[in-house]
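The values are calculated or read from the model by the stated rules, or taken from the named source; none is laboratory data. The model shown is predicted, which means the values in this text are computed figures rather than measured ones. Ideal geometry is used to build each Cβ from the backbone, glycine not excepted, and the neighbour counts take in all protein chains shown.
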Amino acid sequence: MAEPPPALSDLANALSRLRAAIGGAGYPLVMPSAEEARKVGTALVAQLDDYLLPRLARLDAPLLVVVGGSTGAGKSTLVNSLVRAPVSTTGVLRPTTRSPVLVSNPADLGWFQRGQLLPGLVRTAESSADPRTLQLVSAPALGAGLAFLDAPDIDSVVDRNRALAAQLLAAADLWLFVTTAARYADAVPWELLTTARLRGTVIALVLDRVPADAAGDVTAHLQEMLAGRDLGGAPLFVLPEATLDGQGMLSEDVTRPLHDWFAQLAADSDARGTVVRQTLNGALIALSPAVAGLAEAADEQIIAAKALEDRVQQAYRNAKRTVSDGLRDGRLLRGEVLARWQEFVGTGEFLKALESKVGQLRDKLLSALTGRPLPGRNLQSALESQLVTLLRGVASDAAEQAYGSWQAHPAGAALLVPELQKPGADLPERADRLVRDWQQRVLDLVREEGGEKRVVARGAAYAVNGVGLAVMIAVFTSTAFLPTGLEVAVGAGTTVAAQKVLEAIFGDQAIRALATRAREDLLARVDELLDQESARFTDRTAAVGIEADPGSELRRAAAAVESARADLALTGSTK
């Protein structure tokens, strides 16, 4: 066998890449375009496997005529009559043809047995009710180079039969559409005829069982319908009502015009080649708009996934901002925390004494800190409780916001599970651990920096605790500057003396630096906690397996096929 021309190999390679791109493009998110894209993608892969790739590999293979039509149109009877043998089952029960029957000349049977064409169907020599099989029958009366495939009804009551009929029609070099005088205007056949025309398939039609007195009117009307759908050039054969012979076949006189047309086609290899190339070229041209639709649907998947992620990120950005604002505006210094702070720094006569000796406040405070244990545990617990409450609140609000925003999106609603409406079950435990770990980190910072900057006495644990609590209080206020007593006093009625205590404590640059570092550390921990919470949503989009950019790959692959098709010029032109 001669080597195929380079342009033919290029086209075959481009089709293989396109097949891989279509097969690799998934549409897992529930979107208006997803279901149709999956159907179209499945149909395109089937056509590539069933017809385009095997036909391109053997342009000289026998021409396949798929005989299709509505229920009871007489397809099997016609096939039997054309090959002059009862090769396909006929009968009054519907559906009659459950599995397809392929009839060829004995010389061509080997090509169809090898299974390159319609590889998904199991070859068999016996009649079968299994639609996954393809019965192969040889008929010496049928000329070599031509084969008939009797397909299931296109409007079968059995879903799988309808799907198989559409699959077989997509594998046809020529579609012989059979209808009757009573059924020719049905909607389903015309939908498939339009699809075949758009796909470039060569079509011939048989108008069967036409009463003699209605032949003129019915034929004229059918021809008008064909012309109105750009099918006026399709050959039309009109068969009259006729009595079947003892084998259930039409007489040769009735089928002669159609028989002679096919006999001439079988005898003329150039004519067969023209039909094959025309259908093949049309099917290749039709790939581009179909793949463009798949690419758009793939783009929508990416856009939807990004939209869902953005909605989650927005909800948890709001949560992070709430925490950050809560540390900045002093809201955490109210109530129990403020009461415990006042208890910590002292009240009554002690404050009155401090009020007249502002210049000595720092020394007096440090002396007090190093001279006796501090009542700081209550303050530390209050700080911890306030922070945990804040974290649980913002996590709950973020979960509700993210859940609601996904519920309003078709793709998001399909991914939701009830537990996402609330924070993770272990959030309270993780929030508690976060705050405790952070408090310990603050004390570690004080311990690391204290010796060098003389903020606390080296080795004095109670001094470390005291300054550490002061740093925590500083974290709970503005980052632009360290707080004065006035900032805290406005909302809680603290005394002027308390203000001066705060000024004394927070006036130290070391405390300022430690507070800045502690605040950054706390926000980093909060970000990590909330990122873990948001991942409960984003992990669900990641799990469905959205490809990076399948739309671009589909477009590139389709463009390569179109370029190779134009170079090959199957019909002598690029169109």
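Conditions tested, residue by residue: (1) loosely packed, with under 14 Cβ neighbours inside 10 Å; (2) over 18 Å from VAL67 (Cβ atoms); (3) touching a strand residue (DSSP E or B) at 6+ places or on another chain (Cβ under 6 Å).
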position: ALA187; (1), (2), (3): yes, yes, no
position: THR195; (1), (2), (3): no, no, no
position: GLY216; (1), (2), (3): yes, yes, no
position: MET225; (1), (2), (3): no, yes, no
position: GLY233; (1), (2), (3): yes, yes, no
position: LEU236; (1), (2), (3): no, no, yes
position: SER251; (1), (2), (3): yes, yes, no
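Restricting attention to the stretch 1-29, which residues are of a type in the set (Asp, Glu) and assigned to a loop (DSSP other than H, G, I, E, B)? Even if it seems obvious, please write down each step before you answer.
The initial filter retains those residues of the stretch 1-29 that are of a type in the set (Asp, Glu), namely 3, 10.
Across the stretch 1-29, the qualifying residue is only GLU3.
What's the number of the condition PRO32 fails, among (1) outside any helix (DSSP H, G or I); (2) surrounded by 17 or more Cβ atoms within 10 Å (Cβ to Cβ); (3) outside the structural domain of ALA151 (by TED's automatic domain parsing)?
Checking PRO32 against (1) outside any helix (DSSP H, G or I); (2) surrounded by 17 or more Cβ atoms within 10 Å (Cβ to Cβ); (3) outside the structural domain of ALA151 (by TED's automatic domain parsing), the one that fails is (2).
For the stretch 406-428, give me each residue that is out of contact with any Ser or Thr (no Cβ under 9 Å at 6 or more places or on another chain) and part of a helix (DSSP H, G or I).
Those that are out of contact with any Ser or Thr (no Cβ under 9 Å at 6 or more places or on another chain) and part of a helix (DSSP H, G or I): TRP406, GLN407, PRO410, ALA413, ALA414, PRO418, GLU419, LEU420, GLN421, PRO428.
What is the one condition in (1) within 26 Å of GLY110 (Cα to Cα); (2) basic (Lys, Arg); (3) in a helix (DSSP H, G or I) that ARG162 does not satisfy?
(1)
Residues that are at pLDDT 80 or above and either out of contact with any strand residue (DSSP E or B) (no Cβ under 7 Å at 6 or more places or on another chain) or surrounded by fewer than 17 Cβ atoms within 10 Å (Cβ to Cβ) (or both): which helices (runs of 4 or more DSSP H) entirely in the stretch 261-370 hold 3 or more of them? First the steps, then the outcome.
On the way: elements: 269-328, 336-345, 349-355.
Answer list for the stretch 261-370: 269-328.
Could you list, ordered by first residue, the pairs with Cβ atoms under 9 Å in which the first is in the stretch 109-129 and surrounded by 13 or more Cβ atoms within 10 Å (Cβ to Cβ) and the second is modelled with pLDDT under 90 and of a type in the set (Val, Ile, Thr), at least 6 apart or interchain?
Pairs found: SER127/THR89.
Residue check: is VAL157 in contact (Cβ under 8 Å) with a residue 12 or more places away in the chain, buried (at least 17 other Cβ atoms within 10 Å of the Cβ) and either touching a Leu at 6+ places or on another chain (Cβ under 9 Å) or not small (Gly, Ala, Ser) (or both)? Before you say what the answer is, go through the steps one by one.
Values: in contact (Cβ under 8 Å) with a residue 12 or more places away in the chain: yes; buried (at least 17 other Cβ atoms within 10 Å of the Cβ): no; either touching a Leu at 6+ places or on another chain (Cβ under 9 Å) or not small (Gly, Ala, Ser) (or both): yes.
Against the criterion (in contact (Cβ under 8 Å) with a residue 12 or more places away in the chain, buried (at least 17 other Cβ atoms within 10 Å of the Cβ) and either touching a Leu at 6+ places or on another chain (Cβ under 9 Å) or not small (Gly, Ala, Ser) (or both)), VAL157 does not qualify.
Looking at the structure I just gave you, is VAL496 out of contact with any Leu (no Cβ under 6 Å at 6 or more places or on another chain), among the β-branched types (Val, Ile, Thr) and modelled with pLDDT of 95 or more? Talk me through it step by step, then tell me what you get.
Details: out of contact with any Leu (no Cβ under 6 Å at 6 or more places or on another chain): yes; among the β-branched types (Val, Ile, Thr): yes; modelled with pLDDT of 95 or more: no.
No; evaluated as a whole, the condition is false for this residue.
Answer yes or no as to whether TYR51 is within 14 Å of the chain's Cα centre (by Cα) and either on the phi > 0 side of the Ramachandran plot or of a type in the set (Ser, Thr, Tyr) (or both). Working first, answer last.
On the way: within 14 Å of the chain's Cα centre (by Cα): no; either on the phi > 0 side of the Ramachandran plot or of a type in the set (Ser, Thr, Tyr) (or both): yes.
In short, no.
Quick one: in the stretch 49-107, which of the residues that are modelled with pLDDT of 85 or more and charged (D, E, K, R) is surrounded by the most Cβ atoms within 10 Å (Cβ to Cβ)? Spell out the reasoning first.
The first filter runs over the stretch 49-107 and keeps only residues modelled with pLDDT of 85 or more, leaving 49-69, 73-87, 100-107.
With charged (D, E, K, R) added as a condition, the list becomes 49-50, 55, 58, 60, 75, 84.
Values: ASP49: 18, ASP50: 21, ARG55: 21, ARG58: 15, ASP60: 12, LYS75: 30, ARG84: 16.
Top of the filtered list is LYS75.
Determine whether ASP60 is of a type in the set (Asp, Glu) and within 39 Å of the chain's Cα centre (by Cα). Spell out how you get there, then give the answer.
Numbers: of a type in the set (Asp, Glu): yes; within 39 Å of the chain's Cα centre (by Cα): no.
Criteria not met by ASP60.
Hey, does the stretch 250-271 have a residue that's at positive phi, out of contact with any His (no Cβ under 7 Å at 6 or more places or on another chain) and not aromatic (Phe, Trp, Tyr)? Working first, answer last.
Of all residues in the stretch 250-271, those at positive phi come to none.
No, the stretch 250-271 has no match at all.
May I ask you to list the residues in the stretch 197-245 that are of a type in the set (Val, Ile, Thr) and not in a loop (DSSP other than H, G, I, E, B)? Break it down into steps so the answer makes sense when it comes.
Looking only at the stretch 197-245, we keep the residues that are of a type in the set (Val, Ile, Thr), and these are 201-203, 206, 210, 218-219, 238, 243.
Those that are of a type in the set (Val, Ile, Thr) and not in a loop (DSSP other than H, G, I, E, B): VAL202, ILE203, VAL206, VAL210, VAL218, THR219, VAL238.
If you scan the stretch 132-155, which residues turn out to be assigned to a loop (DSSP other than H, G, I, E, B), of a type outside the set (A, V, I, L, M, F, W, C) and over 13 Å from LEU82 (Cα atoms)? Talk me through it step by step, then tell me what you get.
Filtering the stretch 132-155 down to residues assigned to a loop (DSSP other than H, G, I, E, B) leaves 132, 139-145, 151-155.
Then keep just the ones that are of a type outside the set (A, V, I, L, M, F, W, C); that gives 132, 140, 143, 145, 152-153, 155.
Passing the criteria: ARG132, GLY145, PRO152, ASP153, ASP155.
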